[in-house]
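Derivation of every value follows stated rules applied to the coordinates shown; laboratory data play no part. Being a predicted model, the structure only gives us computed values, none of them experimental. In this analysis, Cβ positions are derived from the backbone assuming ideal geometry, glycine residues included, and neighbour counts consider all displayed protein chains.
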Amino acid sequence: MDELIQELKEKIIAQLNLEDIEPDEIDATQPLFGDGLGLDSIDALELIVLMERDYNIKISDAAEGRKVFSTVKTMAEYIKANS
C-alpha cells in the first residue's frame, strides 16, 4: 500500500502541476480539498481523469467521488479494492 500511496502522490503532483510540492510533503491522511492540500473542483476533474487513465477506474457518482478523493490514502484504498 505504501508504494501505491507514493505513486499516487507523484501522479497527483504531475497531473495538477503542483511544481512547488514534493511527494514527502503530502500527508496521505490530510484532506485533498479545503484546508488540506487546497484542491478545487477543477482539480477533482483532473483526479477523475487520472483514475480512469492510469487505473482504469471510472467514478461517476459524485458522493462516491467525495469519499474516494478525500485523501491520498482513501484513493489508494479504492484503487486496491477495485483493480
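Which net charge results for the neighbourhood of ASP24, defined as the other residues with beta-carbon distances under 12 angstrom from its beta-carbon, given Lys and Arg at +1 and Asp and Glu at -1? All intermediate terms of the calculation are to be shown ahead of the outcome.
Numbers: positive: LYS9; negative: GLU10, GLU22, GLU25, ASP27.
Within the 12 Å Cβ shell, the charges total -3.
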Toy charge model, Lys and Arg Cβ at +1, Asp and Glu Cβ at -1: the chain dipole around Cα centroid in debye, rounded to 20, equals 480 debye
Two decimals, Cα atoms only, Kirkwood Rh: what is Rg/Rh over the chain? 0.91
Which Cα, out of MET1, PHE33, ILE13, lies furthest along the positive dipole direction of region 1-45 (beta carbon charges, K/R +1, D/E -1)? PHE33
Whose amide H sits under 5 Å from the amide H of GLN30, counting only residues 5 or more places off or on another chain, with H placed in the peptide plane? VAL72
Collect residues whose amide H, placed 1.01 Å from N in the peptide plane, falls under 5 Å from the amide H of LEU39; neighbours closer than 5 in sequence don't count. PHE33, GLY34
Pick out, from LEU45, ILE57, ALA76, the residue whose Cα sits farthest towards the positive end of the charge dipole of the chain, with +1 on the Cβ of Lys and Arg and -1 on the Cβ of Asp and Glu. ILE57
